[in-house]
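I have placed the structure first, in the form of structure tokens, so that the comments after it can refer back to it.
The values are calculated or read from the model by the stated rules, or taken from the named source; none is laboratory data. Quick caveat, the model's predicted, so the values are computed rather than measured. For neighbour counting, all protein chains shown are included, and Cβ atoms are generated from backbone atoms with ideal geometry for every residue, glycine included. For accessibility, only protein heavy atoms count, side chains too; no ligands or nucleic acids. Shrake-Rupley method; radii C 1.70, N 1.55, O 1.52, S 1.80 Å.
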Amino acid sequence: MLTTFTAGFGRLATRGKVLKSLFSFFVVLTALVANQAYAGFTYHIVQSASSASGSKERYFSYYVPSTYVAGTAAPLWVVLHGCRQNDRAMTDLIGMETYAESSRAIILYPFQNNDASSNDNDGRNPNCWGYWLAANIRRDQGEPGDIKRMIDYMKNRFTVDNNRVHVTGISSGGAMSTIMQVTYPDVIASSVMVEGIGYSETAATYTGTTDCNTVITYGLGTTLADSTVISNMRTEMKKSILRQPPVMVVHNKKDCTVPIKVGQALINTFANLMGAEGKAISMTPTSTTTGSPDGLSYTWSKYGNNGFGQSALETVLIDASESQVAAAGVTTLTSDPYDASGSSNTVVKEDVKRGHWWPGAKTRGPWIINKGFNAAQAAANFFNAHPMTGGGGSTTTTTAAGTTTTTAAATTTTTTATTTTTTAGTCYKSSNYYHVYYGRAHASGSYALANGSNQNMGYNNTFVTTKLRKTGTNYYVIDSTCP
């Protein structure tokens with residue numbers, strides 16, 4: 001009797017394990033199907049105007065990587081187009097989604113949606129973010145308020161890591177990136193401005209109608225006093241939190257639409273933001289990298305320390321003239337495929353001449369070149385290394401041909417073809433199961449998440465192998481550059 005009961009119980013237990021395994025498989029399969037349904041680009045979401053001052057109906061697109069796992073916090077990158085561009089130019093051309101896949105990041109592409117008609121009769125070019133207008137530089141108002149609502153939409157729809165919301169943009173989009181960083185320092189962890197402009201600056205920063213030689217020869221470009229801009233930044237940030245946000249500024253010295261003088265003012269104001277507290281960032285670089293991919297030279301400098309072993313400020317100063325860009329193989333455009341009205345067909349022919357573009361994109365397009373320094377990759381690396389709470393991924397960066405010089409204590413590898421700079425962190429390579437076993441990661445359902453960063457490493461088993469780098473106390477990040 002006892003033997004029969006024991007045997008029966010064993011069979012029930014076995015069936016229970018089978019049912020449990022089947023249930024787990026069903027949950028994983030359902031999650032995979034759901035994730036695949038999300039993956040890829042979604043275009044032209046309409047956001048109605050709010051009751052806030054300066055709000056209007058706008059559109060946006062977004063990208064969800066195939067590596068996104070619902071329920072696991074993912075970074076959110078906000079990418080802003082420039083004047084005469086739109087969200088589709090950025091989704092189609094710059095290649096940000098490539099790095100979102102490896103970083104498991106969701107990308108939001110807001111569209112300013114300004115057609116320069118009588119409805120937006122304020123003197124701007126089509127689709128310019130109005131960085132010089134008082135209505136657009138305040139928290140919860142105008143354009144920054146509308147972008148924040150888009151961020152909230154993404155947070156409501158997907159599992160977004162509140163510590164890893166970042167912003168980047170070009171030209172007026174770079175200016176609006178500055179504004180988002182200042183108006184929402186409690187939301188935006190870090191930012192990258194490409195040919196951008198400082199906070200509360202005027203329209204005089206734009207020299208797009210002035211002869212290029214004149215702009216460069218005489219160093220044109222009008223900016224407010226650094227002290228005025230810093231005071232304005234501090235006043236706005238104090239509405240939430242006054243802090244030193246990590247920023248990267250990418251600017252071409254030969255830009256004659258938003259001159260380098262404007263880019264330098266942007267750098268200065270962030271470097272001295274916390275000067276009143278005796279915490280201004282020293283402008284003696286902790287490291288400097290030079291390179292010349294496709295013959296377009298740049299100097300990449302890092303400054304300060306954000307308190308978590310990462311840089312506080314980075315600058316990438318490109319030195320690329322019209323002739324050098326043409327020699328690199330960048331074609332001259334004859335029309336703007338993203339402007340159905342044809343109003344940009346004349347000016348887009350001069351984007352190479354004026355040195356005002358997003359560099360290193362996957363595809364050539366209006367005010368976007370497919371040669372030189374890879375701004376998308378640099379932005380992704382910067383975002384991964386600079387979460388809101390610090391202690392992010394390693395500062396390992398891979399760029400095109402260049403030479404690295406490091407003046408701070410760090411482990412540095414220098415080559416003449418590919419430059420890698422690593423600041424700290426022991427690497428660990430093993431199966432996800434053993435990462436969890438040894439306390440470098442933790443289980444979440446059927447997946448393994450790196451401790452600290454919560455990056456999804458894939459299935460928690462002995463078959464999936466992941467390289468982790470330790471960047472802080474119980475803080476690990478996925479790092480494919482580990483040996």
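Extension gain for the segment Lys238 to Ser48, taken as residue separation times 0.36 nm less the Cα-Cα distance, is 65.5 nm to one decimal.
What is the distance in Å between the Cα centres of region 87-110 and region 432-463? Rounded to whole Å, the Cα centres lie 26 Å apart. Residues with beta-carbon under 10 Å from that of Ala105, excluding Ala105: net charge, scoring Lys, Arg +1 and Asp, Glu -1? Its environment carries a net charge of -1.
Net length available on complete extension from Thr389 to Glu101 is 101.4 nm, with 0.36 nm assigned per residue and the Cα-Cα distance removed.
The residues of region 38-88 expose, per residue, 35 Å² of accessible area to a 1.4 Å probe.
Residue order by solvent-accessible surface for Phe41, Phe382 is Phe41, Phe382, largest first, with ligands and nucleic acids left out and a 1.4 Å probe. Using 0.36 nm per residue and subtracting the Cα-Cα separation, the extra length available between Asn305 and Thr346 on full extension is 10.3 nm. Taking 16 Å as the straight-line reach from the Cα of Lys56, the aspartates and glutamates in range (excluding those fewer than 8 positions away in the same chain) are Asp115, Asp120, Asp122, Asp140, Glu143, Asp146.
Label point of Ala225 set 7 angstrom out along Cα-Cβ; within region 188-216, amide nitrogens under 20 Å from it belong to 198-205. Calculated accessible area for region 123-238 comes out at 32 Å² per residue, all protein chains present (probe 1.4 Å; ligands, DNA, RNA ignored).
Rounded to the nearest 20 debye, the dipole size of region 217-359 about its Cα centre is 480 debye, using +1 on the Cβ of Lys and Arg and -1 on the Cβ of Asp and Glu. Nonpolar atom fraction for region 36-175, defined as the carbon and sulfur part of the 1.4 Å probe accessible area, stands at 42 percent. Centroid-to-centroid, using Cα positions, region 235-275 and region 172-226 are 8 Å apart.
The Kirkwood radius of region 201-296, taken over pairs of alpha-carbon atoms, gives through the Stokes-Einstein law at 10 °C and 1.306 mPa s a diffusion coefficient of 104 µm² s⁻¹.
Apolar share of the accessible surface for region 283-383: 48 percent from carbon plus sulfur atoms, 1.4 Å probe.
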